[in-house]
């Protein structure tokens, strides 16, 4: 089964700078995923890690080309890694930072307690 949806929680959301990379992807709705914490680097870049909280974001139906573009944008495998999570829209991709990578940047980041990125 090919997963064709993505959960976005930061600059890929509507009204933010990287939303353009979603192209004509269909907005399916908002959702909240549990078991993650939302953080922001001092340079403003948001990221999530496994944790005790929840993160609110948007889910989009995407095609393979858009997924490849997002992998490039997010530095998949270098900075972020793409994993599957369950949402009200079924299984979707989300970009997270593993806890080992987080250890190297945590002193330069702040946790967003409410789990909602607002820029």
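Bear in mind these aren't lab numbers, they're just calculated from the coordinates by the rules spelled out. Computed from a prediction, not measured in an experiment: that's the story for all the values here. A quick note on method: Cβ atoms are made from the backbone with ideal geometry, for glycine too, and the neighbour counts reach across all protein chains shown.
Stretching the chain fully between residue 34 and residue 65 yields a gain of 8.4 nm (0.36 nm per residue, less the alpha carbon separation). Does the stretch 63-118 classify as rounded, prolate or oblate by the C-alpha gyration tensor (a ≥ b ≥ c root eigenvalues; a/c under 1.5 gives rounded; else a/b over b/c gives prolate, otherwise oblate)? Taking the square roots of the gyration eigenvalues as a ≥ b ≥ c, the stretch 63-118 is oblate.
This ranking places 58, 34 by how few other beta-carbon atoms lie within 10 Å of each, fewest first, which gives 34, 58. Over the chain, Cα pairs under 8 Å with separation of 6+ residues give a relative contact order of 34 percent.
Rg/Rh for the chain stands at 0.93; both radii use Cα atoms, and Rh follows the Kirkwood definition. Computed extension length for residue 45-residue 99: 17.8 nm, one decimal, from 0.36 nm per residue of separation with the Cα-Cα distance subtracted. Helix 64-74 and the long axis of the chain differ in direction by around 10°, with both axes built from C-alpha atoms. When each of 40, 64 is scored by the number of other beta-carbon atoms lying within 10 Å, the sequence from fewest to most is 64, 40. A Förster distance of 22 Å, applied to the separation of the beta-carbon atoms of residue 106 and residue 86, puts the FRET efficiency at 0.25. Listed from fewest to most Cβ neighbours within 10 Å, the set 85, 96, 6 follows the order 85, 96, 6.
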